[in-house]
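To keep things clear, I will list the structure first and then write my remarks on it.
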Ligand SMILES: [Mg+2]
């Protein structure tokens, strides 16, 4: 079985809107994801890093973070054909609740979750899905297929043009699986396509 590496935040876990809601209430602003245009998670007014950590620190909020739209049904299909391996840069101290979140929100086995400091290349997977362009480039640099889950903070479109595979959500277009499943999404389609094209019969 091919090993599918999945980033967690902003790929399967919709974390930023919850963080922004807190910031907006506190500062009477109306920021949305589109206002975050760079990788430092800064808007023109705020640095969000501390707010993100605060969100993880509050167990109830953290466990209640919604999945990215369409991620849950897509992952349940993918779990039949791929070994799902989550790779996150969330600090290791959040390992327990991250595992609980994966199980309760995505209904897939969260037993393989790697917490890494920065580099995701050290984890043995065949394909990586990530919203971080740096991670994607590094992974692709090993000659393996990497897929960008595009987000507004990937604003360096010059870089994006060098990436041939990216999508914006899990539910772009419906597909039919061979065994009659009505699948969900361009993302899913892309993963199967990539697996076939780049990973051959492995
Ligand atoms: Mg991410």
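Scan 38, 54 and give me the residue that is out of contact with any helix residue (DSSP H, G or I) (no Cβ under 8 Å at 6 or more places or on another chain) and either surrounded by fewer than 20 Cβ atoms within 10 Å (Cβ to Cβ) or not assigned by TED's automatic domain parsing to the domain that holds residue 132 (or both). Can you show your working first?
Details: 54 fails: out of contact with any helix residue (DSSP H, G or I) (no Cβ under 8 Å at 6 or more places or on another chain).
Of 38, 54, the one residue that is out of contact with any helix residue (DSSP H, G or I) (no Cβ under 8 Å at 6 or more places or on another chain) and either surrounded by fewer than 20 Cβ atoms within 10 Å (Cβ to Cβ) or not assigned by TED's automatic domain parsing to the domain that holds residue 132 (or both) is 38.
Across region 103-137, which residue is surrounded by the most Cβ atoms within 10 Å (Cβ to Cβ) among those that are within 14 Å of the ligand (Cβ to nearest atom) and part of a helix (DSSP H, G or I)?
In this case the residue turns out to be 136.
Looking only at region 2-25, which residues are more than 13 Å from the ligand (Cβ to nearest atom), out of contact with any helix residue (DSSP H, G or I) (no Cβ under 7 Å at 6 or more places or on another chain) and outside any helix (DSSP H, G or I)?
Of everything in region 2-25, just one residue is more than 13 Å from the ligand (Cβ to nearest atom), out of contact with any helix residue (DSSP H, G or I) (no Cβ under 7 Å at 6 or more places or on another chain) and outside any helix (DSSP H, G or I), namely 3.
Sort out which residues of region 80-100 are in contact with a helix residue (DSSP H, G or I) (Cβ under 7 Å, 6 or more places away or on another chain), within 19 Å of residue 4 (Cα to Cα) and outside any loop (DSSP other than H, G, I, E, B), and write them in order of number.
Applying the first criterion (in contact with a helix residue (DSSP H, G or I) (Cβ under 7 Å, 6 or more places away or on another chain)) to region 80-100 yields 84, 86, 88, 90, 94, 97, 100.
Retained after the next criterion (residues that are within 19 Å of residue 4 (Cα to Cα)): 84, 86, 88, 90.
Scanning region 80-100 gives 84, 86, 88.
The values are calculated or read from the model by the stated rules, or taken from the named source; none is laboratory data. No experiment lies behind these values; they were computed from the predicted model shown. FYI the Cβ positions are ideal-geometry reconstructions off the backbone, even for glycines, and counts take in every protein chain you see.
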